[in-house]
1. Hey, any hits in region 164-176 for a residue that's on the phi > 0 side of the Ramachandran plot, more than 15 Å from the ligand (Cβ to nearest atom) and out of contact with any helix residue (DSSP H, G or I) (no Cβ under 6 Å at 6 or more places or on another chain)?
2. If you take the residues of region 84-97 that are surrounded by 13 or more Cβ atoms within 10 Å (Cβ to Cβ) and touching a residue at least 60 places away in the same chain (Cβ under 8 Å), which of them is farthest from the ligand (Cβ to nearest atom)?
3. Anything in region 55-83 that is under 30 Å from residue 436 (Cα atoms), assigned to a strand (DSSP E or B) and either more than 16 Å from the ligand (Cβ to nearest atom) or under 19 Å from the mean Cα position of the chain (by Cα) (or both)? List them, or say none.
4. Which numbered condition in (1) outside any loop (DSSP other than H, G, I, E, B); (2) in contact with a helix residue (DSSP H, G or I) (Cβ under 8 Å, 6 or more places away or on another chain) is the only one that residue 144 fails?
5. Look at region 308-327 and say how many of its residues are crowded, with 18+ Cβ neighbours inside 10 Å and either touching a helix residue (DSSP H, G or I) at 6+ places or on another chain (Cβ under 9 Å) or closer than 25 Å to residue 5 by Cα (or both).
6. Pick from region 84-120 the residues that are out of contact with any strand residue (DSSP E or B) (no Cβ under 7 Å at 6 or more places or on another chain) and in a strand (DSSP E or B): which of them is farthest from residue 246 (Cα to Cα)?
7. In region 30-50, which residue that is closer than 19 Å to residue 120 by Cβ and surrounded by fewer than 19 Cβ atoms within 10 Å (Cβ to Cβ) is nearest to the ligand (Cβ to nearest atom)?
8. Considering 244, 238, which residue is within 16 Å of the ligand (Cβ to nearest atom) and surrounded by 15 or more Cβ atoms within 10 Å (Cβ to Cβ)?
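The values are calculated or read from the model by the stated rules, or taken from the named source; none is laboratory data. A quick note: this is a predicted structure, and the numbers were derived from the prediction, not measured. Ideal geometry is used to build each Cβ from the backbone, glycine not excepted, and the neighbour counts take in all protein chains shown.
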Ligand code: FRU
């Protein structure tokens with residue numbers, strides 16, 4: 001009965017049992033996507049962190065593997081990242097086999113230190129480096145909040161770069177051998193799970209910008225010279241709600257070129273033996289809007305294999321649209337695409353059994369709890385690509401300018417199902433899709 005439990009998400013990764021939070025060590029290598037994650041294999045509560053491990057060929061169907069990293073005498077295994085050491089800079093490679101190297105935080109009650117471990121068998125077994133820890137930043141920062149190393153290769157400066165959450169923001173360290181790290185700079189205003197990567201603006205490879213973000217879904221756009229990130233714009237939100245601690249994949253082949261991200265989604269309902277899920281993998285890009293470049297977040301195209309269209313309509317009143325959705329009021333999973341034309345409603349959107357899954361307050365410019373000023377103010381339409389699973393609701397607004405994640409409220413007394421609401425709204429487009437389970 002595994003994967004058939006009442007609250008088991010049907011198209012999102014979950015573990016067979018135990019607690020999960022942050023994705024860790026996201027990396028593509030030898031035709032596999034690796035998803036490591038914060039994991040308490042024993043209980044459904046956060047405690048006793050390990051690195052769990054799963055692999056996938058298509059980012060959608062995952063196979064859970066044995067635990068990758070266990071707590072040791074320094075403490076428990078907190079979040080981090082992974083690289084492939086193609087040039088053997090750390091000296092762990094064996095013949096033609098390049099080491100996969102994980103960077104993680106080891107946490108104890110009064111100290112957090114950065115460590116490394118390597119694998120020569122595609123992440124199946126790990127050897128911890130003998131001279132851990134690499135960085136004990138308590139000395140410099142006098143803070144126990146020093147964690148979540150994200151490491152990547154910076155080709156222009158021929159250095160490894162580590163972004164690290166330290167006290168009140170993200171620090172940048174560099175290294176040539178992955179073992180000795182030099183402190184370079186610090187950006188305040190972020191918290192946990194740092195990311196730093198480059199994206200072309202509007203697909204133009206000659207005009208690239210760097211993005212820095214933290215666990216809460218806020219980002220800055222700027223430049224990076226290998227040592228210092230210089231913010232030019234932000235912070236902006238790309239995501240509202242209960243998504244947290246997203247990370248992007250390292251080592252995606254250049255022929256693919258995508259910046260693929262996975263975030264952690266909380267689950268609080270239920271008494272199942274597992275807890276926590278990974279959100280849909282998304283692809284990130286930078287698009288120029290009327291207000292400047294913004295991060296665009298869309299589900300990767302691989303997700304499309306899960307959906308079969310059940311119906312498609314144009315130019316409906318809210319009542320007509322509600323009628324089409326009537327039969328789905330107790331569905332466990334569904335995808336709905338809608339384009340809503342707004343009038344002068346203060347609140348407009350779509351609710352599911354009383355839970356507002358799309359909620360736009362036009363007077364206050366608030367969309368699902370976040371400030372949102374639409375790009376095309378004159379047209380006054382809002383498009384929403386809505387993915388509903390047993391415990392979650394993810395929405396991608398206006399082609400990815402904003403996303404939102406909510407836990408799906410179970411046990412609600414309101415049984416009216418899907419309900420478009422708002423004064424004189426029109427549903428210009430409505431599409432309904434059935435969703436396959438990834439577990440069958
Ligand atoms: C973010 C976080 C990280 C930490 C991990 C511990 O959710 O608090 O900063 O490494 O979770 O599980």
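1. No: zero hits.
2. Only one residue tops the list, namely 89.
3. Taking region 55-83 and keeping what is under 30 Å from residue 436 (Cα atoms), we get 55-68.
Now narrow it down to the ones that are assigned to a strand (DSSP E or B): 55-56, 62-68.
55, 56, 62, 63, 64, 65, 66 - these are the residues of region 55-83 that are under 30 Å from residue 436 (Cα atoms), assigned to a strand (DSSP E or B) and either more than 16 Å from the ligand (Cβ to nearest atom) or under 19 Å from the mean Cα position of the chain (by Cα) (or both).
4. Of everything listed in (1) outside any loop (DSSP other than H, G, I, E, B); (2) in contact with a helix residue (DSSP H, G or I) (Cβ under 8 Å, 6 or more places away or on another chain), residue 144 misses just condition (1).
5. 1
6. Per the criteria, the residue is 94.
7. Out of the qualifying residues, it is 32.
8. Details: 238 fails: within 16 Å of the ligand (Cβ to nearest atom).
Exactly one of 244, 238 is within 16 Å of the ligand (Cβ to nearest atom) and surrounded by 15 or more Cβ atoms within 10 Å (Cβ to Cβ), namely 244.
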